[in-house]
Each structure stands twice: as structure tokens, then as C-alpha cells.
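Data first, discussion second: the structure below is written as C-alpha cells.
Each reported figure results from applying straightforward, stated rules to the coordinates on display, with no laboratory input. No experiment lies behind these values; they were computed from the predicted model shown. Please note: Cβ atoms are built from the backbone with ideal geometry, for glycine as well, and neighbour counts cover all protein chains shown.
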């Protein structure tokens, strides 16, 4: 890889990932990615960060900026903490990893999933992508079920009162 190309260190944290705690934080991802890039001698590390964006869509600001930089020939390597940080839509994520990245001669690495497109031992990658997609759909179903159950039981779905109502200071009821 040419020394003038960027090593794109991509971080993503969705609102749902906040529930998982500090292990998936942007700060944690940045530390892991930068350490990995330095240990492996990857040139020109640059962060691309989508904080608060779901992995079920690829229409994320810094992801699209990274793809544009790749298409402009600026990126040589893309590194993520794991496959789910790149995306949770297994078809689109697989398309990028299997077709688009190689088309632009870009190496992709998912550290925790031991994926490196420069090596041939990536047989489980498709299954991991399918699992990531399933996880996002399953989480969405569970959240919708909780809101549905709360609504049917008469419990408020939000801490904010409906328009035109106020909470009482003593017991916080509407």
C-alpha cells in the first residue's frame, strides 16, 4: 500500500449500543483502532466516526465520507473494531466487503472478528454478518413489544407529558 493513502479507522455507536455500556464507546473503539494501526505499521490513520447512528443503514455521514474518500483513491485500509461497527445489514455490508472494497483495492479488517480481506481465512464472515443483521432486527422487535405493552397497560411511553398537560411537582403525575 502506498504511504500517502489513509488508513480509515471507522467507529460507530448507535443509541441501542449505549445500553451495552462502556465496552462499545467511541473512546474505547478509537483507542483499540489506533493501537492496532500503530502496532501493524498502517500509514496515515484517520478517524471516521458516526456517533448515535444505527448500523441498519449505510446512510451515515462519516461512513459516506469514508466511502467518498475511498472512491477518490485516498483510502487503502479500513479498520473497524468488529463487523457490526461497519453495519448490521448483512446484504449491504457483505456487498461492501466482498465487492466494493476489492474493486477499489481497499483492505478491510474487523479486529475482534479476526476478519482481514488480505488473508483467506474469512469463511465465517458471512455468518457473522447474518447474525449482526438478526441481532438488530431482534432488538427492534423487543423494543417495539415493550412500548406496545406499556401503551396497552396505560403506562406513559415517555417522561414528557402530552401537549397541553403538566406534571405535578409532588408526585410527578399529569
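For residue 158 and residue 3, the FRET efficiency from 1/(1 + (r/R0)^6), where r spans their Cβ atoms and R0 equals 35 Å, is about 0.10.
This ranking places 105, 69 by how few other beta-carbon atoms lie within 10 Å of each, fewest first, which gives 105, 69.
Counted by neighbouring Cβ atoms within 10 Å, the residues 70, 64 run from fewest to most as 64, 70. Beta bridges per DSSP, both residues in region 6-126: antiparallel share near 10 percent.
Note on residue 65/residue 35: beta-carbon distance plugged into 1/(1 + (r/R0)^6) with R0 of 30 Å gives a FRET efficiency of 0.80.
log₁₀ I(q)/I(0) of region 6-126 at q = 0.18, 0.21 Å⁻¹, via Debye over equal Cα point scatterers, no solvent, to two decimals? Here log10 of I(q) over I(0) equals -0.91, -1.29.
Counting other Cβ atoms within 10 Å as a rough exposure proxy, the listed residues 101, 47, 63 run 47, 101, 63 from fewest neighbours to most.
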